[in-house]
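Engineer: First, the structure itself, so that you have it in front of you.
The values are calculated or read from the model by the stated rules, or taken from the named source; none is laboratory data. In this text the structure is predicted, and so the values were computed from the model without any measurement. A quick note on method: Cβ atoms are made from the backbone with ideal geometry, for glycine too, and the neighbour counts reach across all protein chains shown. Ligands, DNA and RNA are excluded from the accessible area calculation, which covers all protein heavy atoms including side chains. Shrake-Rupley method; radii C 1.70, N 1.55, O 1.52, S 1.80 Å.
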Amino acid sequence: MIMKKILLIIVLSSNMLLPIDKVLLEFYAPIATSFTIVNAVENVEAPYDNSTPRLTFEIGAFMNTSMFFKLEPVNVMTGIDIGYYKDVFAYITKLGGRNTSTFDSLLLGITTKVNYDFLYAGLSIGTKIPLLASTSYGFNLDKFFAHQLDLRYKNIVVPYIKLSLDFLVIYNVLLGLYLSYDLPVIIDKYTEPDSTLSAIDVGIQAGVRFTLYNPNNIDDVRIVNRTVENDK
């Protein structure tokens with residue numbers, strides 16, 4: 001009931017500026033390879049400088065609620081993302097040490113997409129808020145819960161920028177590619193000296209779409225027409 005009231009307020013307020021053609025709810029499951037970047041906070045020589053990134057894999061699950069504006073010749077979508085993401089920062093120091101920090105995080109973001117035919121090009125900005133961390137250095141393993149994270153880290157957020165290209169493959173199913181950058185904000189206090197953790201992620205994502213609000217019964221007409229033509 002509360003979500004319906006919030007959605008109604010958003011729809012009514014946005015219609016005063018630009019008529020909303022429909023409201024969409026999308027669920028995505030991303031998987032990516034990640035390359036860690038480590039930089040010392042202080043400008044000094046340290047064994048963590050010029051570290052070698054280790055190839056890791058990351059997963060997540062999030063939903064996007066967005067407003068769809070039918071324009072010509074392109075359409076525009078804008079909305080919010082909320083979900084779960086597992087970040088993995090892993091590297092080998094110049095001294096040969098294997099260091100890994102894994103975060104289970106709450107993802108919050110804003111995404112805007114430009115749509116033409118079956119293509120959706122998107123730009124997302126947001127942050128991931130770690131709720132649980134596990135770390136390893138050699139054979140030493142540690143876990144930190146939300147209230148313990150400041151024992152090991154400073155600035156406990158992972159802001160990100162993400163570029164995506166999604167394809168509407170059939171009606172409400174989407175497949176896509178993305179490139180994201182985790183900004184160097186979070187600091188690992190156990191390095192010598194303190195060092196920021198950032199990463200470049202390259203991944204794929206699959207999604208499914210549901211329509212929450214569509215007063216004008218707008219559909220992806222070009223997709224439907226192409227499917228019908230191919231069936232003839």
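Engineer: Can you go through N172, N140 and tell me which one is among the polar types (S, T, N, Q), at pLDDT below 95, exposed (fewer than 15 other Cβ atoms within 10 Å of the Cβ) and closer than 23 Å to F57 by Cα?
Structural biologist: Matching residue, one of N172, N140: N140.
Engineer: For the stretch 134-157, give me each residue that is within 15 Å of T100 (Cβ to Cβ) and outside any loop (DSSP other than H, G, I, E, B).
Structural biologist: Hits for the stretch 134-157 are S134, T135, S136, Y137, N140, L141, D142, K143, F144, Y153.
Engineer: If Y190 meets every condition in (1) open to solvent by 90 Å² or more (accessible area, probe 1.4 Å); (2) out of contact with any Leu (no Cβ under 8 Å at 6 or more places or on another chain); (3) not in a loop (DSSP other than H, G, I, E, B) apart from one, which number is that one?
Structural biologist: Against the list (1) open to solvent by 90 Å² or more (accessible area, probe 1.4 Å); (2) out of contact with any Leu (no Cβ under 8 Å at 6 or more places or on another chain); (3) not in a loop (DSSP other than H, G, I, E, B), Y190 comes up short only on (3).
Engineer: The conditions are (1) without any contact (Cβ under 8 Å) to a residue 40 or more places away in the chain; (2) more than 20 Å from S34 (Cβ to Cβ); (3) of a type outside the set (F, W, Y); (4) open to solvent by less than 20 Å² (accessible area, probe 1.4 Å), and A133 fails exactly one of them. Which is it?
Structural biologist: For A133, the failing item is (2).
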